[in-house]
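Visitor: My questions all concern the structure below.
The values are calculated or read from the model by the stated rules, or taken from the named source; none is laboratory data. Every value quoted in this text rests on a predicted model; they were computed, and no experiment measured them. Heads up, the Cβs are rebuilt from the backbone with ideal geometry, glycines too, and the neighbour counts pull from every protein chain shown. Areas reflect the complete protein model, heavy atoms only, side chains present, ligands, DNA and RNA absent. Shrake-Rupley method; radii C 1.70, N 1.55, O 1.52, S 1.80 Å.
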Amino acid sequence: MTADVIVIGAGIVGAACADALTQGGLRVVVIEPSLAVSGATGAGMGHLLILDENEAEFSITRYSRDRWNQMAMEMPSSLEYERCGTIWIAAVPEELPLLKQRCAFLQSRQVRAEILDSQQLAEAEPNLRPGLPGGLFIPDDAILYPPAAAGWLLKRAEQRGAAVLTGKRVTHIQAWGVELEDGSRLEAHHVVCATGMWTPQLIGGLPIQPRKGHLVITDRYPGFVRHAVMELGYLKSAHGRESESVAFNVQPRKTGQVLIGSSRQFGVTDARPESRIISSMVQRAIDFMPRIAQLSALRAWTGFRAATPDRLPMVGPVANRPNCLLCAGHEGIGITTCLASAGLVSAFILGDRPPLDPKPYAVERF
Amino acid sequence: MIEIRVNGKTLKVPEGVSVAAAIALSGHDRFRRSVAGQPRGPLCGIGVCFECRVTVDGEPHVRSCQLLCWPGMEVCTDD
Amino acid sequence: MIESRWDVVVVGAGPAGLAAACMAAEAGRRVVVLDENPQPGGQIWRGEDHHWIRRFSASGSTFRGACTVVDQPEPGVLHVVGRNISYHLRFKRLVIATGARERFMPFPGWTLPGVVGAGGLQALVKSGWPLAGKRVVVAGAGPLLLQAAAFFRSRGARLTCLAEQTPLRRGLSFALRSGKRLQAIALLGRLCDVPYRWSCWPVRASGQERVESVTLRQGDRMWTEPCDYLACSFGLVPNTELAQLVGCELVDGAVRVDEQQETTVSGVYCAGEPTGIGGVDLALIQGQIAGCSAAGSLQRASAFFEQRARWIEFRARLQAAFALRQELRQLPDPETVVCRCEDVPLKEIRPHSCWRSAKLQTRCGMGPCQGRICGPIVEFLFGWKVDSVRPPLTPVRLEQLVNRGSAATADRHDSHPG
Ligand SMILES: Cc1cc2nc3c(=O)[nH]c(=O)nc-3n(C[C@H](O)[C@H](O)[C@H](O)COP(=O)(O)OP(=O)(O)OC[C@H]3O[C@@H](n4cnc5c(N)ncnc54)[C@H](O)[C@@H]3O)c2cc1C
Ligand SMILES: Cc1cc2nc3c(=O)[nH]c(=O)nc-3n(C[C@H](O)[C@H](O)[C@H](O)COP(=O)(O)OP(=O)(O)OC[C@H]3O[C@@H](n4cnc5c(N)ncnc54)[C@H](O)[C@@H]3O)c2cc1C
Ligand code: FES
């Protein structure tokens, strides 16, 4: 037996699983064909936030965000963690009731949240266009730098004895372990498949689709943006199933850089940045923050989210795959939710009480 | 000759002079502080390295080696 | 709206681009030349009166200075930005003549103000930077050092030392066999009272807020030379980013071209330094071939093939003679900054297995220069492959990423050189 658990994929989800499993005293091997954190994790934005479209989304994001905040004291500075809070913006007065409804919901669940009126919003983010009707401020949301966060989780696992094998691709998952591209086999009691958008290559028949996103980062302008700021319409873009959409979403990086998103596209597999999409995404940012137009943009890149039909991850046992647990499909929120997912995976394997109800994320729901 | 201001001081420079050269003419060698606070000045001279960045008329991060002076220009080195 | 009235678009107005534009325009094609610099001439003739620049002016080509090509938004279309413009330009034929940049070597103190590229200081001085009376040490590798030193002296600098890392034997045999013997002798003549040291290189620059002295090594001897400027150049690196973005294949870090100077992308030609560092003469010949080919005059292009073959041989000798020595790898100490944009020291980069990993975990290469300076350094230090190219090729204002420019705005910036 090579290990108690083989984790396939060294993105942030695999890293969080390895971290949780080694904390439970298990011997773990992580297998990664490319580089650690070179998938979606190397491309994402790193906003740690609560979303509340439905109960399941709320529970998993709430648990995870709070876990991240608890871990903040232990994090090295390279993670660039900052509890900057989120401001959701109503673009038109008609959106205010929805903001208030969300605020009341969060408050009823003991999540700190408050409504900002037009003037408070302008004071909180002076570079927003004047006259916006209001915002919803969630002070305990945070941001971090995803590749460093995943690298840190992996390093913690390694310090507890985990092995990370890079340059090795898994070709088949078996009840006894995995087969690698080079023909070799690795045995383990359990296999955790954390392969993000590549998962359908290993486990057929899953409804996971790549959803392309573009990002643009600027040079350093400390204080230009103070919170993670997004338009309420972001939810429509994220939760919708349209083939193409953009929404205003900016983040202040600890470096003083401004990270600008976001776009969502189905049905595209070419990773090259598309100037048409960048153009409408940046235009959207300028609509909300006119002065952002003057900032110097250093580069644009893309990443693929592993999207499921209901935008919730698929975590748990897989039918007809003994000893295999799936942990994938984290769409645009896996940096946040990897901690809850990893908690579920380790509870399944160790037989512990799960940190949250696993049912909404069960693989067989589709 | 055209007149510009470098860190608040008025300076006359010949036409066709780059902003980087004007800053050197004004007696500054340090154009900016790096992210860790080290002093920096031009390196490549041809727009590649971004070490010569200064603020021009309020716009930060402008490569001074690639820009010619214009009358009334306001230049600030970064510290 | 996309401006689409040009037969041939040339990027780069150095010797290669100018020669290409002349040939294509003289063959009756509508040609536009774009260059990031306000003036044509490239690195060697910037702002000078040169017969190729005069010929270019007379050729009927259009010149757009202070314009940078930053992306290929769709096949056959370039995104061009200037200080206050941004537009798309369609090409039927494209000539990439983007030249080269200097290669830098990290050693303790190399980030101090006053430590500059040798070609870089030349460019700065040509734009008005004062050098009269300043003490200058020139160090590095290659024939550019000699030209730079002679130029600094002509501008009143006091040259205190010229340190060439190459062994004398290799340098001499190159000089004697190259077609540039006379030029080299003339240059040396102008520098005969300057200590010219072979197998010699800088190991440290010192100073508080700027460079005050440089420590040089020659064999077992080390000494410190006071200076106002340390002008360093360890050879040149081809600017292949635009070619890569357009989809051209590279070989050994240079753009792959065929006999007609056509790249692996049909209709896209490349000439000059991006095809391999060969100097101005090769750039001119390749540029003429590329211009003829882009204009469809294959017969005329072939007239230059023999000359090109000779200069390609020269290029091979040049590269072999001034190859960098392994000792230079030992110059940086663990604290020496390798990535200047993000201040990443050697000790943080070394543990990584490749460029991508170092980038993701240390921010090395993530700053505004996009790895143009530190990329070639880590290639030399660790043998990593540094090949990721992302738009925009050079930072632009965010508003310039929004498509709304039209040809009408571009027109106002047209000029005819001279
Ligand atoms: C533009 C964008 C913005 C985002 N912004 C945010 C945000 O602000 N907040 C947030 O919480 N989330 C965000 N996300 C989402 C987040 O990045 C992802 O959900 C998360 O990174 C998923 O992690 P992962 O480990 O599942 O996937 P990945 O990081 O893709 O990791 C999967 C790994 O599996 C490996 N693998 C694949 N096939 C095999 C095989 N056969 N054998 C072995 N290994 C294999 C891959 O090489 C890869 O390293 C964003 C995503 C994008 C694209
Ligand atoms: C700093 C420096 C100084 C040099 N000085 C000398 C010298 O004094 N004597 C000598 O013999 N050789 C010198 N050289 C060597 C030089 O490379 C060759 O001699 C010769 O100029 C090469 O010609 P070229 O046409 O290939 O490239 P270059 O002359 O380099 O011309 C390339 C042009 O392309 C432009 N360009 C690049 N990318 C873009 C883009 N994306 N958009 C728009 N424009 C772009 C650049 O601004 C440049 O003007 C120098 C090189 C450098 C880097
Ligand atoms: S000196 Fe390098 S960009 Fe100006």
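Visitor: Among the residues of the range C:191-198, is there at least one that is over 23 Å from the mean Cα position of the chain (by Cα), open to solvent by 70 Å² or more (accessible area, probe 1.4 Å) and in contact (Cβ under 8 Å) with a residue 12 or more places away in the chain?
Guide: No: the range C:191-198 contains no residue that is over 23 Å from the mean Cα position of the chain (by Cα), open to solvent by 70 Å² or more (accessible area, probe 1.4 Å) and in contact (Cβ under 8 Å) with a residue 12 or more places away in the chain.
Visitor: Can we say B:Gly16 is at the interface with another protein chain (Cβ under 9 Å from one of its Cβ atoms), open to solvent by 30 Å² or more (accessible area, probe 1.4 Å) and at positive phi?
Guide: yes
Visitor: Please specify each residue of the range A:297-312 satisfying the condition of being facing another protein chain (nearest Cβ under 10 Å) and either aliphatic (A, V, I, L, M) or buried (at least 22 other Cβ atoms within 10 Å of the Cβ) (or both).
Guide: Correct list: A:Ala297, A:Leu298, A:Ala300.
Visitor: Restricting the search to the range C:367-392, which residues are of a type outside the set (Gly, Ala, Ser), more than 8 Å from every other protein chain (Cβ to nearest Cβ) and surrounded by fewer than 23 Cβ atoms within 10 Å (Cβ to Cβ)?
Guide: Correct list: C:Pro376, C:Glu379, C:Phe380, C:Leu381, C:Phe382, C:Trp384, C:Lys385, C:Val386, C:Asp387, C:Val389.
Visitor: Does the range A:336-356 hold any residues that are away from ligand 1 (no atom under 14 Å from the Cβ), part of a helix (DSSP H, G or I) and of a type in the set (Gly, Ala, Ser), and which are they?
Guide: Result: A:Gly343, A:Ser346, A:Ala347.
Visitor: Which of the residues belonging to the range C:337-347 are on the phi < 0 side of the Ramachandran plot, within 10 Å of another protein chain (Cβ to nearest Cβ) and not in a strand (DSSP E or B)?
Guide: Across the range C:337-347, the qualifying residues are C:Arg340, C:Cys341, C:Glu342.
Visitor: I've got another one for you. Could you check the range B:46-62 and list, in sequence order, the residues that are without any contact (Cβ under 8 Å) to a residue 24 or more places away in the chain and within 13 Å of ligand 3 (Cβ to nearest atom)?
Guide: Matches in the range B:46-62: B:Ile46, B:Gly47, B:Val48, B:Cys49, B:Phe50, B:Glu51, B:His61.
Visitor: While we're looking at this one, here's another question. In the list A:Ile349, A:Ile335, A:Ile292, which residue meets the criterion of being closer than 30 Å to C:Thr394 by Cα, away from ligand 3 (no atom under 16 Å from the Cβ) and not assigned by TED's automatic domain parsing to the domain that holds A:Arg264?
Guide: A:Ile335 is the lone residue from the list that is closer than 30 Å to C:Thr394 by Cα, away from ligand 3 (no atom under 16 Å from the Cβ) and not assigned by TED's automatic domain parsing to the domain that holds A:Arg264.
Visitor: List the strands (runs of 3 or more DSSP E) inside the range A:182-239, counting only whole elements, that have at least 2 residues being surrounded by fewer than 19 Cβ atoms within 10 Å (Cβ to Cβ) and more than 22 Å from the chain's Cα centre (by Cα).
Guide: A:185-193
Visitor: Out of (1) in the same structural domain as A:Ala194 (by TED's automatic domain parsing); (2) buried (at least 19 other Cβ atoms within 10 Å of the Cβ); (3) more than 14 Å from A:Leu339 (Cα to Cα), what's the single condition that is false for A:Ser34?
Guide: Among (1) in the same structural domain as A:Ala194 (by TED's automatic domain parsing); (2) buried (at least 19 other Cβ atoms within 10 Å of the Cβ); (3) more than 14 Å from A:Leu339 (Cα to Cα), the lone unmet condition for A:Ser34 is (2).
Visitor: Does any residue in the range C:314-341 that is basic (Lys, Arg) come within less than 8 Å, Cβ to Cβ, of a residue that is assigned to a helix (DSSP H, G or I) and open to solvent by 10 Å² or more (accessible area, probe 1.4 Å) six or more places away or on a different chain, and which pairs are these?
Guide: Between residues of the range C:314-341 that are basic (Lys, Arg) and residues that are assigned to a helix (DSSP H, G or I) and open to solvent by 10 Å² or more (accessible area, probe 1.4 Å), the close pairs are C:Arg317/C:Phe174; C:Arg317/C:Arg177; C:Arg329/C:Phe380; C:Arg329/C:Leu381.
Visitor: Consider the range C:112-154. How many of its residues are away from every other protein chain (no Cβ under 12 Å), of a type in the set (D, E, K, R) and more than 15 Å from ligand 2 (Cβ to nearest atom)?
Guide: The total comes to 1.
Visitor: For the range B:45-79, which positions are open to solvent by 50 Å² or more (accessible area, probe 1.4 Å) and part of a loop (DSSP other than H, G, I, E, B)?
Guide: B:Asp57, B:Gly58, B:Trp70, B:Pro71, B:Gly72, B:Asp79
Rundown of residues vs (1) out of contact with any Phe, Trp or Tyr (no Cβ under 9 Å at 6 or more places or on another chain); (2) closer than 21 Å to C:Phe56 by Cα, yes/no style:
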site: C:Val255; (1), (2): yes, no
site: C:Glu259; (1), (2): no, no
site: C:Ile289; (1), (2): no, yes
site: C:Ser302; (1), (2): yes, no
site: C:Gln319; (1), (2): yes, no
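Visitor: With the structure loaded, tell me whether A:Gly39 is away from ligand 2 (no atom under 16 Å from the Cβ) and either touching a Gly at 6+ places or on another chain (Cβ under 7 Å) or within 14 Å of chain C (Cβ to nearest Cβ) (or both) or whether it fails that test.
Guide: yes
Visitor: Any idea which of (1) touching a Leu at 6+ places or on another chain (Cβ under 7 Å); (2) free of Cβ contacts under 8 Å to residues at least 12 places away in the same chain; (3) more than 9 Å from chain C (Cβ to nearest Cβ) is the one A:Asn320 doesn't satisfy?
Guide: Among (1) touching a Leu at 6+ places or on another chain (Cβ under 7 Å); (2) free of Cβ contacts under 8 Å to residues at least 12 places away in the same chain; (3) more than 9 Å from chain C (Cβ to nearest Cβ), the lone unmet condition for A:Asn320 is (1).
Visitor: Taking the condition touching a strand residue (DSSP E or B) at 6+ places or on another chain (Cβ under 8 Å) and either among the polar types (S, T, N, Q) or surrounded by 16 or more Cβ atoms within 10 Å (Cβ to Cβ) (or both), does A:Ile286 pass?
Guide: Criteria not met by A:Ile286.
Visitor: Of these, C:Leu131, C:Leu145, C:Leu112, which one is farther than 30 Å from C:Asp7 by Cα and open to solvent by 10 Å² or more (accessible area, probe 1.4 Å)?
Guide: Going through C:Leu131, C:Leu145, C:Leu112 in turn, just one is farther than 30 Å from C:Asp7 by Cα and open to solvent by 10 Å² or more (accessible area, probe 1.4 Å): C:Leu112.
Residue-by-condition table, conditions (1) β-branched (Val, Ile, Thr); (2) surrounded by 14 or more Cβ atoms within 10 Å (Cβ to Cβ); (3) at positive phi:
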site	(1), (2), (3)
A:Ile87	yes, yes, no
A:Pro93	no, no, no
A:Leu96	no, yes, no
A:Leu106	no, yes, no
A:Ile115	yes, yes, no
A:Leu121	no, yes, no
A:Asp140	no, yes, no
A:Gly151	no, yes, no
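Visitor: I would also like to ask the following. Under the condition of being part of a helix (DSSP H, G or I) and out of contact with any strand residue (DSSP E or B) (no Cβ under 6 Å at 6 or more places or on another chain), which residue from the range A:76-99 is nearest to A:Tyr145 (Cα to Cα)?
Guide: A:Leu79
Visitor: From the residues in the range C:40-59 that are near ligand 2 (Cβ under 9 Å from one of its atoms) and open to solvent by 20 Å² or more (accessible area, probe 1.4 Å), which one is farthest from C:Gly235 (Cα to Cα)?
Guide: The residue in question is C:Arg46.
Visitor: Give the residues of the range C:316-336 that are part of a helix (DSSP H, G or I) and either open to solvent by 40 Å² or more (accessible area, probe 1.4 Å) or within 16 Å of ligand 1 (Cβ to nearest atom) (or both), sorted by residue number.
Guide: Scanning the range C:316-336 gives C:Ala316, C:Arg317, C:Gln319, C:Ala320, C:Gln326, C:Glu327, C:Arg329, C:Gln330.
Visitor: How about the range C:348-366: which of its residues are more than 14 Å from chain B (Cβ to nearest Cβ) and either part of a helix (DSSP H, G or I) or small (Gly, Ala, Ser) (or both)?
Guide: C:Ile349, C:Ser353, C:Trp355, C:Arg356, C:Ser357, C:Ala358, C:Lys359, C:Leu360, C:Gln361
Visitor: Right, something else. Might you let me know whether the range C:171-179 holds any residue that is open to solvent by 60 Å² or more (accessible area, probe 1.4 Å) and either under 17 Å from B:Ala24 (Cβ atoms) or free of Cβ contacts under 8 Å to residues at least 24 places away in the same chain (or both)?
Guide: Scanning the range C:171-179 turns up at least one residue that is open to solvent by 60 Å² or more (accessible area, probe 1.4 Å) and either under 17 Å from B:Ala24 (Cβ atoms) or free of Cβ contacts under 8 Å to residues at least 24 places away in the same chain (or both).
Visitor: How many residues, within the range B:21-44, are open to solvent by 10 Å² or more (accessible area, probe 1.4 Å), more than 7 Å from every other protein chain (Cβ to nearest Cβ) and not polar (S, T, N, Q)?
Guide: Qualifying residue count for the region: 5.
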